[in-house]
Amino acid sequence: MRNHLAERPNARDAKRNYEPPQRIRLFHEGRLHRPFVYGRIQHVNPETSARTYTDDTSKMLPIRLWIKGDAYRLWGLLPMDRHIIGLDDSQRIYLLGSDRLGHDLLTRILYGSRVSLSLGLVGVFLSLVLGIAIGGISGFYGGIIDTIIQRVIEIFRSIPASLYGSHCPPRCPPTGRRSKSTSS
């Protein structure tokens with residue numbers, strides 16, 4: 001079984017809980033190599049059943065890009081089987097470590113942030129297209145059209161700054177103080 005980054009976010013390996021992050025390395029015994037991680041050796045304390053991990057410096061696991069792995073759907077639409085990063089061996093890669101159930105934390109973070117990252121990419125793409133189109137019109141026609149477009153852009157750019165200043169809530173009165181009512 002191949003391990004790869006951005007695999008199913010619920011994939012877990014209960015035998016690898018709380019594994020610390022693996023460092024990506026470029027040098028082994030003073031010589032430059034392609035990016036790799038060391039294999040891990042797991043030690044279980046017989047008295048406490050606590051697991052500790054040490055790097056096995058005799059086992060270099062090269063990191064591969066766009067590795068073929070389990071099938072999935074990109075954004076729930078496009079069927080794919082390529083993954084960003086992974087290992088050829090049966091070893092797992094934990095670049096940010098694992099949680100108590102053996103989930104790869106980096107995979108879970110990427111999976112959880114996919115909507116935000118996708119919306120950010122869409123926003124950047126739309127602003128690029130609009131900027132090119134509006135800038136092209138402004139530069140092509142010039143004159144009064146250029147002046148109008150530039151003033152409209154300046155108005156739009158000034159709106160957030162003025163909104164932040166005018167919509168700040170007034171300072172809240174300090175809490176914990178109550179006025180004492182006097183009774184006669």
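Going by what's in this entry, would Leu101 be described as modelled with pLDDT under 90, outside any strand (DSSP E or B), among the hydrophobic types (A, V, I, L, M, F, W, C) and surrounded by fewer than 14 Cβ atoms within 10 Å (Cβ to Cβ)? Please lay out each step first, then the result.
Working: modelled with pLDDT under 90: yes; outside any strand (DSSP E or B): yes; among the hydrophobic types (A, V, I, L, M, F, W, C): yes; surrounded by fewer than 14 Cβ atoms within 10 Å (Cβ to Cβ): yes.
Yes: the conditions hold for Leu101.
Restricting attention to the range 29-77 and to residues that are acidic (Asp, Glu) and without any contact (Cβ under 8 Å) to a residue 60 or more places away in the chain, the residue that is farthest from Arg16 (Cα to Cα) turns out to be Glu29. Is it true that Arg82 is under 24 Å from Tyr18 (Cα atoms), surrounded by 14 or more Cβ atoms within 10 Å (Cβ to Cβ) and out of contact with any Ser or Thr (no Cβ under 6 Å at 6 or more places or on another chain)? No.
Restricting the range 5-25 to residues that are crowded, with 18+ Cβ neighbours inside 10 Å and touching a helix residue (DSSP H, G or I) at 6+ places or on another chain (Cβ under 9 Å), the residue that is modelled with the lowest pLDDT is Ala6.
The values are calculated or read from the model by the stated rules, or taken from the named source; none is laboratory data. Only a predicted model underlies this, so the values are computations on that prediction, with no experimental measurement involved. Virtual Cβ from ideal backbone geometry, glycine too; neighbours counted across all protein chains shown.
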